[in-house]
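Read-outs: derived from the displayed coordinates by stated rules, not from any lab. If you're wondering where the values come from, they're calculated on a predicted model, not measured in any experiment. Here Cβ is always computed from backbone atoms with ideal geometry, including for glycine, and neighbour counts include all displayed protein chains.
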Amino acid sequence: MRRNIVHPGAKSLSYAIREIVQVGYKMRQLGVDITWENIGDPIQKGEKVAPWIRQILHEIVDQEVSWAYCDTAGVPQTREFLASQVNSRGGVQITPDDIIFFNGIGDAVAKVYGFLRREARVIGATPAYSTHSSAEAAHSGYEHLTYDLDPRNNWMPDLDDLRLKVKYNDSIAAILMINPDNPTGTVYPMEVLQEVVKIARDHNLFLIFDEIYTHIVYNGCKTTHLSEFIGDVCGIAMRGISKEYPWPGSRCGWIEVLNRGKDQMFDTYVDSLLASKRLEVCSTTMPQLTIPRVMGDSRYAPHLKQRAATFQARANEAHAALSGIPGVLVNKPSGAFYVTVMFEPGVLSNRQTLPIANPKAKAMVEQITQGVANDFRFVYYLLGATGICVVPLTGFCCRHDGFRITLLECDDARRRWTFDTLAQAMREYLASA
Ligand SMILES: Cc1ncc(COP(=O)(O)O)c(C=O)c1O
């Protein structure tokens, strides 16, 4: 090429959750039966969308308007419905213009970081969810800035770490939180949330809260929305239907812009998000049309409650199966549908192995484990030996070794097998050298 055509942020675009799939596919070609535990797609893991939600979609398919473009910001009556839901919670009050639709939070993330001024940084948690961390790193051209979540304190944020990083790095313009969190499954208590708001207020930052899992909370935790505790700080809450209906293939999510009028620069920035969406015309229309009908239906609250109860039972099942292994730390999740398993420092080495019966898979694992991080090594051996495909924790912009599994498997026997096999594999691997 006459010019260098590669974006300076190109090397930051990594997504461990999907990258492991390529290895899984190769392993499958070699004859290994794969149990996909890498991706948070409830449908792929066997969940059936409730018949009444499907029925609403059938009816919407028959409306002509469903097939048309919609307003750039989204379908007006849906934005009105969502704004009134926010307002009914009694915190920050918004108008329908404060709701902007995107093709999933994934699209919102690309715009929110992509249209920030290059020198303006967003600090997020480590372990980090790759869509945010990669987009922020690509936008800035530097490694993603992070504050620590503490595995010994149920993955709560180290607020001193956050406070100091914000104080001494004036390029930081915003704090990101995912609540409930991916990959840890932690739900942040009000004291923590209020302290994060205080840090933002003290340093004149805005907040980005990814609330895609906000209605999947259990084990005694409660849903809290950013609008309820943000006070007068500017913020963006990200919501969607991928995990709730669940309908990840809808590619439908939205942002709620909070306290837009409180800061002129924030207001101009939000305008640029809408302007960038305008260049694409609009987001998917049909899923937006379902929202007032599905979320406004009297069956929706029981639907959410029943799903939360299901994930609670599975979280407790996973915790019971995976905890108690020396050198392994497992926190019980209270939201979303993931469990993060961490190996204590020093327990992994580059000599540990698992027996792999398939000779071709064994050869492949021996080859791809050369020079990789210790938790990637475990994950590849696990894949070759058992077919279970999990995501290494260091793939989440994280210095701790470990991996993430999901709570999504709907086949009870298969889920039980997965957790038990994982526990057995960890014991065997740790004892192997
Ligand atoms: C924290 C978080 N945010 C956003 C998404 C993706 O949301 P969407 O399907 O709306 O793009 C995911 C998907 O796993 C996620 O875990």
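Overview of values
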| quantity | calculated |
| --- | --- |
| Loop-located chymotrypsin sites (Phe, Trp or Tyr not before Pro) in segment 27-107, at most 13 other Cβ atoms within 10 Å (DSSP) | Tyr69 |
| Contour excess over end-to-end distance, with Cα ends at Val65 and Glu366 and 0.36 nm allotted per residue | 102.8 nm |
| Point-to-point label distance, Gln264-Asn87, nm (Cα→Cβ direction, 7 Å offset) | 2.8 nm |
| Fraction of antiparallel bridges per DSSP, the chain only, in percent to nearest 5 | 55 percent |
| Helix-only [θ]222 nm of the chain, DSSP H runs n ≥ 4, -39500 (n - 2.57) each, per residue, nearest 500 | -13000 deg cm²/dmol |
| Signed unit charges on C-beta, dipole axis of the chain, positive-most listed residue Cys234, Ser134, Asn374 | Asn374 |
| Reciprocal mean inverse distance between Cα atoms of segment 51-295 - Kirkwood radius, Å | 18.4 Å |
| Calculated FRET efficiency for the pair Lys198/Ser432, C-beta based, R₀ 45 Å, to 0.05 | 0.40 |
| Long pairs among Lys167/Lys222; Lys167/Lys262; Lys48/Lys305; Lys332/Lys360; Lys198/Lys243, criterion Cα-Cα beyond 25 Å | Lys167/Lys222; Lys332/Lys360; Lys198/Lys243 |
| Asn316-Val49 FRET efficiency (beta carbon distance; Förster radius 30 Å; 0.05 resolution) | 0.75 |
| R0 of 51 Å, Cβ-Cβ distance Glu344-Asn4: FRET efficiency to nearest 0.05 | 0.70 |
| Euclidean distance of C-alpha centroids, segment 110-158 and segment 381-405, integer Å | 20 Å |
| Derived scalar couplings ³J(HN,Hα) [segment 171-178; Karplus, 6.51 cos²θ - 1.76 cosθ + 1.60; whole Hz; x for Gly, Pro] | 7, 6, 10, 8, 10, 9, 10, 10 |
| Student exercise, segment 54-179 dipole from Lys, Arg, Asp, Glu Cβ charges, in Debye to nearest 20 | 300 debye |
| Qualifying lysines (Cα of each under 22 Å from Cα of Lys362; at least 8 residues distant if same chain) | Lys26 |
| Extreme residue, positive dipole direction of segment 243-387, given options Tyr269, Leu279, Gly327 (C-beta unit charges) | Gly327 |
| Local electrostatic count at Val330 - Lys and Arg +1, Asp and Glu -1, tallied over other residues with Cβ under 13 Å | +1 |
| Rounded to the nearest 20 debye, dipole of segment 166-222 from Cβ charges on Lys, Arg, Asp, Glu | 100 debye |
| Partners for Lys277 among aspartates and glutamates (Cα-Cα distance below 12 Å; same-chain residues under 8 apart left out) | Asp71, Asp107 |
| With at most 15 neighbouring Cβ atoms within 10 Å, loop GluC sites (Glu not before Pro) (DSSP) excluded, longest segment of the chain | 281-433 |
| Extension gain from Asp41 to Leu329, taking 0.36 nm per residue of separation minus the Cα-Cα distance | 101.2 nm |
| Crossing angle, helix 300-322 versus the chain [Cα axis fit, 0-90 degrees, rounded to tens] | 20 degrees |
| Nearest-20 debye value, the chain charge dipole, Cβ charges on Lys, Arg, Asp, Glu | 900 debye |
| Inter-label distance for Ser298 and Arg416, nm, one decimal - labels placed 7 Å from Cα along Cα-to-Cβ | 3.8 nm |
| Cα-based helix-to-principal-axis angle, 285-295 vs the chain, degrees rounded to 10 | 90 degrees |
| Nearest 10 degrees, 0 to 90: helix 264-279 Cα axis against the chain principal axis | 80 degrees |
